[in-house]
1. Could the peptides 40-48, 188-196, 67-75, 227-235 be put in order, highest first, of the mean number of other beta-carbon atoms found within 10 Å of their residues?
2. Given a Förster radius of 25 Å and the C-beta distance between residue 211 and residue 244 as r, what FRET efficiency does 1/(1 + (r/R0)^6) yield to the nearest 0.05?
3. Helix 122-137: angle to the longest alpha-carbon principal axis of the chain, degrees 0 to 90, nearest 10?
4. Would you mind checking the stretch 25-63 for residues with the amide N under 19 Å from a putative spin-label position 7 Å along Cα→C-beta of residue 85?
5. Starting from the Cα coordinates of the stretch 202-276, work out the convex hull volume and express it per residue in Å³.
6. What value does the stretch 161-210 have for Rg/Rh, both radii from Cα atoms and Rh as Kirkwood defines it?
7. How many nm is it between the label spots at residue 142 and residue 185, if each spot is 7 Å from the Cα in line with the beta carbon?
8. In debye, nearest 20: dipole of the chain around its Cα centre with unit charges on the Cβ of K, R (+) and D, E (-)?
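Read the figures in this text as sums done on the coordinates, not as results from a lab. The model shown is predicted, which means the values in this text are computed figures rather than measured ones. Please note: Cβ atoms are built from the backbone with ideal geometry, for glycine as well, and neighbour counts cover all protein chains shown.
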Amino acid sequence: MSDKNVRKVFFVSDRTGITAEMFGQSLLSQFEGVEFDETTLPFIDSEEKAQEVCRILAKAESDSGVKPIVFDTIVTPEIRKVVQSSGAMVLDFFHTFIGPLETELEQSSSFRVGKTHSLANEDEYDSRIEAVNFALNNDDGITMKHYDKADVILVGVSRCGKTPTSLYMAMQFGIKTANYPFTEDDMDNLTLPDELKKHKNKVFGLTINPNRLHDIRTERKANSRYASLKQCQFEVREVEAMYRRLKIENLNTTSRSIEELATKILASTGIKRKVF
């Protein structure tokens, strides 16, 4: 007997599958009562590969007893038709939106594979790579020499999400993001270092629920003062008080995805995306 509360989900794409995953997971997140077993099948760029996808889908249905769910972003119609013939529940993003757009724009689609991640504009590509390098070189307060070149400087206690958010903003938006951690040694008379004060207009704060911070730090350094709930509560309390005192805009990372954090930071600061 199958467990209909566990559904096999496949993200099928003629490229990396990132777009299919992003759209698909956004839709699946609305169904909290179902567990999804997700698999990505990238670079399905020929009818032969599409036939292999059909075999995988057939096996998944045979094993589970229910149709797998497929999110696909395949551009080429012939390849897409093969996947659609599988008998799975196929949700095709290009088919759904391209037709109405062709009608509205009175122009046929070019059906160009990989267009959404095209490197046609080398300046944009170089800007993104430069932003990633900047984030890596200015991570965790390694140096404060280049803050004049930063678009935004994220600050907060250790392990509150500064580094992943910085890298995401660099990779997705081409934003030069530095980040600076406040440590236990900073907590006495906590304030911004002089170099950060010079760039206070670029400073954006992150905070986190102390219990969640305790869990994260425990995974890294169990049974340490650094990970103790008391220390986490103390550091978060002091940093949030500084944000209020210095009127530093901030966000709580506890229940927010990196994507949401990055989008809200851009909206709050007015920084424009440099790519895509």
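1. Those peptides, ordered most packed to least, come out 67-75, 227-235, 40-48, 188-196.
2. After rounding to 0.05, the efficiency reads 0.75.
3. 40
4. Correct set: 44-61.
5. 107
6. My calculation puts Rg/Rh at 1.00.
7. In this crude spin-label approximation the distance works out to 1.9 nm.
8. Charge dipole, the chain, about its Cα centre: 940 debye, nearest 20.
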